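*Asks:* Submitted below is the structure of interest, expressed as structure tokens.
All of the numbers you see were taken from the coordinates with simple rules; none came from a lab. Just so we're clear, the structure is a prediction, and the values are computed from it rather than from any experiment. Note that each Cβ is placed from the backbone with ideal geometry, even for glycine, and that neighbours are counted across all protein chains shown.
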Amino acid sequence: MFDLHSNHFFTSNKQFPPGLIPPPVTSPIGVSATTRRSPPARRRPAGRRCPPRSLARPSLPATACPPDREPPLPPARQAAARVSPPDPAMFQLGSAPGKGFWARHRWKMLLSLGVAGAGYAAYRFYDAHHKQLVRVEQRAQEERAADEIIKNQLQAHFEKVQRIADTTTLPFAMHYLRSRVMEELDISHLTERLLQGKGELTPEEKYETWEKIKILSFTRTVSSMWAMTLLSLYVRVQVTILGRHLYLDFARGTDGAQLQAESDAFSANGHKDFLGTADYLATYGITALIRQMQHAATEILKEKQLKDPMSMEQVLQTMLKISEQFMSLCEGNSWINFLVPENANRYAQLMAVSSSGFDDSSLLMDAGKLDQLMTETRIVLASDDFRNIMDMSLRKVADLVTEDLGAQVGTALPPSGLPLAKLLARVAQLSSTLLEEPSKNKHIQTIRSMPEVGLFYTFLYANMPPQT
């Protein structure tokens with residue numbers, strides 16, 4: 001018998017002793033009748049209600065709705081329920097997990113992208129800058145190589161000009177100058193007159209002859225000393241100015257081939273002609289120079305008597321005073337006219353006439369360029385710095401000349417000196433050594449080796465104000 005109120009099945013005919021618990025009886029649905037409890041009642045959805053417990057039958061199938069559960073779905077609906085439809089959010093861009101990751105790491109990603117972009121931009125900039133530097137360096141190397149070639153050509157041309165000046169210009173000018181000085185200041189006829197007319201000449205005539213010998217002897221030596229010194233310095237100025245012109249033309253960026261062509265053209269028509277002006281002193285200037293030097297010697301020697309003794313130091317001071325008196329007689333810088341033509345066009349015309357014997361315009365030099373070079377030469381010669389090295393050179397040459405004179409006299413010279421009349425012949429002979437050719441002329445070599453002279457020409461070549 002099944003008791004609906006106690007949920008136990010028991011037989012009313014069988015009795016159990018007191019204190020014994022009857023064995024559990026399995027309910028038809030497989031749940032112990034003694035231990036099974038009803039779960040707490042819950043509300044079921046409207047429209048779906050199981051039949052009340054009072055109507056439940058013991059023989060209900062397993063698929064029947066238990067008293068405390070919802071009725072199971074049919075198998076077809078259960079299979080359909082197992083395959084859940086896709087979430088629409090899966091088909092949307094920036095799903096919920098992605099949005100969360102982006103929100104958490106957005107600034108880090110932006111910063112990383114910014115750093116990467118900046119690094120790439122810096123690399124591109126560095127690469128472009130490096131390539132540009134390489135191109136600039138290659139171009140600079142090519143320009144340096146081209147400049148080196150042009151400089152070598154200029155150096156070769158400058159050395160050629162220097163060689164022409166040392167081997168041709170100056171030797172020829174010195175040779176011509178020597179012949180002109182010996183011709184203008186020849187005292188051999190005076191000495192012969194004294195020797196041949198001992199008994200024929202009156203005392204007054206003898207005195208006048210000795211006075212002429214005295215004046216001409218010092219005039220000859222000091223003129224030779226001054227002309228040799230100035231000619232040596234002047235030719236060096238010419239060569240330096242030519243070299244500076246070549247360098248300035250190169251520094252202006254003139255094309256190498258064009259510069260070489262212009263240089264060769266002017267070399268044929270101008271360089272040699274400009275160097276040829278070194279002959280102007282011996283050709284046109286020596287006569288005026290000797291005349292003015294003779295006036296200076298007369299002024300200084302007028303108080304020197306032939307019987308007065310003179311030491312080597314007195315001879316040196318006498319020559320220096322004559323040189324100073326000569327320069328003082330030249331108003332301003334008129335002594336430059338002894339060396340440099342005043343008018344380049346006129347000088348070019350004179351050279352053309354002297355070369356061919358008639359006025360041929362085809363033989364005229366490049367007068368414009370020649371005038372420019374002569375103007376620059378005059379400016380250099382008129383500078384105080386050139387005057388300083390000229391004075392130092394003249395003093396050095398005068399010292400050497402006095403030493404040579406002392407060597408000629410030897411030990412016969414007393415402390416007080418020799419009478420002036422006995423020194424005149426030796427003084428006149430000093431001009432021969434002063435006007436020797438440059439390769440044998442120790443005075444020219446001494447002038448070239450002076451540090452002040454070398455420094456002057458260094459500044460002159462660099463087109464800077466020379467300082468001594």
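*Asks:* Arrange the peptides 431-440, 146-155 so that the one whose residues have, on average, the most other Cβ atoms within 10 Å appears first.
*Replies:* Packing proxy ranking, top to bottom: 431-440, 146-155.
*Asks:* A further question follows. Would you mind classifying the range 164-461 by shape? Square roots of the alpha carbon gyration tensor eigenvalues, ordered a ≥ b ≥ c; an a/c under 1.5 is rounded, otherwise it is prolate if a/b is larger than b/c and oblate if not.
*Replies:* Verdict is prolate for the range 164-461.
*Asks:* Let me ask something additional. Please state the relative contact order of the range 164-461 as a whole percent: Cα pairs under 8 Å, 6+ residues apart?
*Replies:* 32 percent
*Asks:* Go through 276-287, 117-128 and give me the packing order, highest mean Cβ count within 10 Å leading.
*Replies:* 276-287, 117-128
*Asks:* Figure the gain on full extension for K422 and R291 (residue separation times 0.36 nm, minus the Cα-Cα span) and round it to one decimal in nm.
*Replies:* Residue separation times 0.36 nm, minus the Cα-Cα distance, leaves 44.7 nm.
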